[in-house]
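**Q** Please see the structure below; I have some questions.
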């Protein structure tokens, strides 16, 4: 009986310490697009869902996801890739960070909360042709539905179930977006 109690106490102590270590982690790698990191089950969502004419695809090679295509503003005017739905367990995290190389156009990081159809978005500008780190504060993401801003409270990082990359900068033409990794940070 004493050994069982001691094992139970030790188990609870280890679990508590592990939780404390997890809660102090300053960053978590969501994916680095290689065989060693999580597969986020990416899929394409273009403006064809609303009669638009933009097209895109993505490719994974050498630890980089390349998202490319053509935007056409005669219709919806957007192209995107989105992860599958999953529990990212991001309670306490305050920023998203991504390492990207692009064509210099404006892109959007999308976040979707659990059990909701709205998304939260933040646009970011990039420099063409060079790898750069983009850091985006979660509290500044704007709620939206089909591109329209909504008056909603900030997204709770603990409830994020999907991430995505979108281009909807109001311009027609080719685009190319490469991403090396995606992190959540405190």
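Just so it is clear, none of the values below were taken in a lab; they were calculated from the coordinates. Keep in mind it's a predicted model, so treat the numbers as computed, not measured. Ideal geometry is used to build each Cβ from the backbone, glycine not excepted, and the neighbour counts take in all protein chains shown.
**Q** Calculate I(q)/I(0) for segment 93-177 by the Debye formula, one identical point scatterer on each C-alpha and no solvent, and give its log10 at q = 0.13 Å⁻¹ to two decimals.
**A** Reported log10 I(q)/I(0), two decimals: -0.42.
**Q** Given N residues in segment 137-186, what is Rg(Cα) / (2.2 N^0.38 Å)?
**A** Here the Cα radius of gyration is 1.40 times the empirical estimate.
**Q** On to the next question. Residues of segment 22-63 with amide nitrogen under 13 Å from the 7 Å Cα-to-Cβ point of residue 186?
**A** Hits in segment 22-63 for residue 186 at 13 Å: 22-28.
**Q** On to the next question. Quick check on the chain: helices-only [θ] at 222 nm, where DSSP H runs of length 4 and up contribute -39,500 (n - 2.57) each and the sum goes over total residues. Nearest 500, please.
**A** The helix-only estimate for the chain comes to -4500 deg cm²/dmol at 222 nm.
**Q** On to the next question. Could you calculate the contour length gain from residue 158 to residue 28, that is, 0.36 nm times the residue separation minus the distance between their Cα atoms, to one decimal place in nm?
**A** So the extension gain works out to 45.4 nm.
**Q** On a 0 to 90° scale, report how tilted helix 2-24 is relative to the longest principal axis of the chain, with both axes built from alpha carbons and the result rounded to the nearest 10.
**A** 30
**Q** Under the Kirkwood approximation applied to all pairs of distinct alpha-carbon atoms, what is the hydrodynamic radius of the chain in Å?
**A** So the Kirkwood estimate lands at 17.9 Å.
**Q** When a footprinting reagent is the concern and you count Cβ atoms within 10 Å, what order do 50, 166, 86 take, fewest first?
**A** 50, 86, 166
**Q** Follow-up. Quote the FRET efficiency, to the nearest 0.05, computed for residue 125 versus residue 148 with a Förster distance R0 of 22 Å and r equal to the Cβ-Cβ distance.
**A** E(calc), rounded to 0.05, equals 0.50.
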